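Here's the structure, in structure tokens; my notes come after.
The values are calculated or read from the model by the stated rules, or taken from the named source; none is laboratory data. It should be emphasised that the depicted structure is a prediction, and the values quoted were computed from it without experimental measurement. A quick note on method: Cβ atoms are made from the backbone with ideal geometry, for glycine too, and the neighbour counts reach across all protein chains shown.
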Amino acid sequence: MNYIVQPLGDQAVRMEMEDSSPPIRSICAFLTSHPLKGVVDIVGGLSSVTIFYEYPATNFYSLKEHLAALLENFPEDNVAAFTNTRTVYLPTLYDGPDLSQLSSTHNMTEETIIRLHTGGTYEVTMLGFLPGFPYLTGLPESLETPRLSTPRGKVEAGSVGIGGNQTGVYPIASPGGWNLIGRTPIPLFSPGEKEPFLLQAGDTVRFQAISEKEYNEWLEKVQQQTDWKKEVIDCHEEN
């Protein structure tokens, strides 16, 4: 494992990984399972891990030393032991305002775009930008599309979009420049719940095309507070 540790302000350190192995999510899970004195949070990025700590419980030099000692025992031959195996299925109504333009840009029918998008298997590499916004890798190359040159002033919550070589879902209404191809009735951010984020780094995500009638039925389930999560999360984690 090759990495560089640098201070980030006066109460955080940043581990920048110099290669793509092991996965960031596995490193985060490993560190979380081996608590370090003074550490209050561990946040994974696309190619880095940020570790927040409290001073004077620990400091940069002490934490750097403890991290090095701990990571010497990282089980690189058994990364799966620290890897989520959850799959989250997101029912999606493909009626986005940019679907027609993508059809023209890529010289393929809207039906083909939907088939390719739903056929992909995506990984949540990180959450960011907005609370619970998932950056999903695994988009078919044929669907890669630059972000809009002029972002929209408001994108509704649940909007499914494509930005570059990734796809994602807006958890709340906000400005945004991703190409919108559909919308899901499944809330990704529920601030009133103990676990507010539906998705976690390392999750697998699959999109499922639904009709407008099915979209409204899902909305009703969510609004009635039924146990809809059991229908969209397939969890194989061993506790």
Exercise for review: Could you check Pro185 against (1) closer than 19 Å to Asp95 by Cβ; (2) exposed (fewer than 13 other Cβ atoms within 10 Å of the Cβ); (3) not acidic (Asp, Glu) and say which number it fails?
Suggested key: (2)
Check your understanding: Can you name every residue in the range 188-201 that is in contact (Cβ under 8 Å) with a residue 40 or more places away in the chain and part of a loop (DSSP other than H, G, I, E, B)?
Key -> Leu188, Pro191, Pro196, Leu198, Leu199, Gln200, Ala201
Check your understanding: With respect to Gly96, is the statement that it is buried (at least 20 other Cβ atoms within 10 Å of the Cβ), in contact (Cβ under 8 Å) with a residue 60 or more places away in the chain, outside any helix (DSSP H, G or I) and among the small types (Gly, Ala, Ser) true?
Key -> yes
Practice item. List every residue pair whose Cβ atoms sit under 8 Å apart, with the two residues 6 or more apart in sequence or on different chains, where the first one lies in the range 149-162 and is within 13 Å of Asp98 (Cβ to Cβ) and the second, anywhere, is among the basic types (Lys, Arg). Key: Ser159/Arg183; Val160/Arg183
**Study point:** Enumeration of residues in the range 202-228 that are in contact (Cβ under 8 Å) with a residue 24 or more places away in the chain and assigned to a loop (DSSP other than H, G, I, E, B)
**Key:** Gly202, Asp203, Ile210, Ser211, Trp228
Review point. What is the one condition in (1) under 27 Å from Ser26 (Cα atoms); (2) out of contact with any Phe, Trp or Tyr (no Cβ under 9 Å at 6 or more places or on another chain); (3) among the basic types (Lys, Arg); (4) modelled with pLDDT of 95 or more that Arg206 does not satisfy?
Key: (2)
**Study point:** Residue among Ile162, Ile186 that is within 21 Å of Val232 (Cα to Cα) and at pLDDT 95 or above
**Key:** Ile186
Practice item. Of the numbered conditions (1) exposed (fewer than 15 other Cβ atoms within 10 Å of the Cβ); (2) free of Cβ contacts under 8 Å to residues at least 40 places away in the same chain; (3) more than 22 Å from the chain's Cα centre (by Cα), Leu36 fails exactly one; give the number of that condition. Key: (1)
